[in-house]
1. Can you give the accessible area of Val40 in Å² (nearest 10), computed on protein heavy atoms with a 1.4 Å probe?
2. Where the only charges are on Cβ atoms (+1 Lys, Arg; -1 Asp, Glu), what is the dipole of the chain about its Cα centre, to the nearest 20 debye?
3. Order the following by accessible area, largest value first: Asp5, Asp41, Asp76. Probe radius 1.4 Å; ligands, DNA and RNA are ignored.
4. Which log10 I(q)/I(0) values does the chain give at q = 0.16, 0.21, 0.25 Å⁻¹ under the Debye formula, counting every alpha carbon as one identical point scatterer?
5. I'd like the FRET efficiency for Ala39 and Asp5, computed as 1/(1 + (r/R0)^6) with the beta carbon distance as r and R0 of 35 Å, rounded to 0.05.
Amino acid sequence: MEIKDKMDIINKKADIANKKLIAFLAIAGGTWVYGMSEAVDNPIVTILSSIAFFIAVLGISTNLIKLGDLQKKLKDLYNE
């Protein structure tokens, strides 16, 4: 496989990870704000939004790790 083909594949994977990252960031922000605004009135909603927030944080962390790995692969291709 040529270097250009490898770079195209890495680029597509990075685009997918970026889109997922943006979605998880939006979910985390929305659930955090909503959970804190409802904290006084309804503790069950706060607990559920906290669970959703932590799941979104796991998704953010996973995608950041994937982007770091893709960056290392691009660096290795650049150094060849």
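The values are calculated or read from the model by the stated rules, or taken from the named source; none is laboratory data. Keep in mind that what you see is a predicted model, and the values were worked out from it rather than measured. So basically every Cβ, Gly included, is an ideal-geometry build from the backbone, and we count neighbours across all protein chains shown. We work out accessible area using only protein heavy atoms, side chains counted, and drop any ligands, DNA or RNA first. Shrake-Rupley method; radii C 1.70, N 1.55, O 1.52, S 1.80 Å.
1. So the heavy atoms of Val40 present about 130 Å² to solvent.
2. 240
3. Asp41, Asp76, Asp5
4. Listed by q, the Debye log ratios stand at -0.65, -0.86, -1.04.
5. 0.10
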